[in-house]
Amino acid sequence: MASSNPRSTRSSGPGGGAPLFGWLGRDANAAAVLATAQRHLQMRTEVSAALPAPMRGAFEVLKIENGVLTLSVSSAAFAAKFRQLAPRVTTHLQGVGWNLTEIKLRVQGPMGFGEQPRPKKEARALDGEDLKAFEDLRAHLRPGPLADAVSRLLAHHRPGNTDVRQASIPGETPEVLPPGKNK
């Protein structure tokens, strides 16, 4: 026997969003807002498909009106690059059925959405062979900032050696001091 309650036949799971938006369809103004939001989401998806991956999260659709698409972008640099790609994006949008003749951009600063995660830092610990190479390098360097930097690197990567005195006088080499000892 069929249920007389229309809500009981709708899916209420994560994939079936009908009950979440069902109340919008009851009012003409709310239905217009829902239709506009859906058009903007569809447009955002299509524009993203035409852009290189790093650029996909730095814009939002502001309005679609009279054949003009207006986008809010996160930076002037993004806007400059987007202007180079605008003919390609417009052609793509026309190819999938959107009647657009122009794309306008508004730079509105960082938007806080769609930011790309930073790549993971690729580093490995220095082994004995690496440290020996840096020791050889330090032995052949003239005193100065580079020799100081190599000494700090060696001190940092050797267990128990935490303090390094800088070579401030030409001819003097930096020396590694035991922990807690300062000259």
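Just so you know, all these numbers are worked out from the coordinates, no wet-lab data involved. Values in this document were obtained by computation on a predicted structure and should not be read as measured data. Ideal geometry is used to build each Cβ from the backbone, glycine not excepted, and the neighbour counts take in all protein chains shown.
Each residue of segment 139-153 is assigned a 3J(HN,Hα), and the resulting list reads 5, 9, 8, 6, x, x, x, 5, 4, 5, 5, 5, 5, 5, 4 Hz, derived from the Karplus form 6.51 cos²θ - 1.76 cosθ + 1.60 (θ = phi - 60°), x at Gly and Pro. In this calculation the C-beta distance from Asp27 to Ala125 is compared with R0 = 45 Å, giving a FRET efficiency of 0.10. In plain terms, the residue of Ser75, Ser151 with the fewest other Cβ atoms within 10 Å comes first and the most crowded comes last, giving Ser75, Ser151. Annotation: amide H of Leu71 within the under-5 Å range of Leu62, Lys104, Leu105, Arg106, sequence separation 5 or more or interchain, hydrogens built in the peptide plane. A simple spin-label model places the labels of Gln108 and Ser75 1.9 nm from each other, with each point 7 Å out along Cα-to-Cβ.
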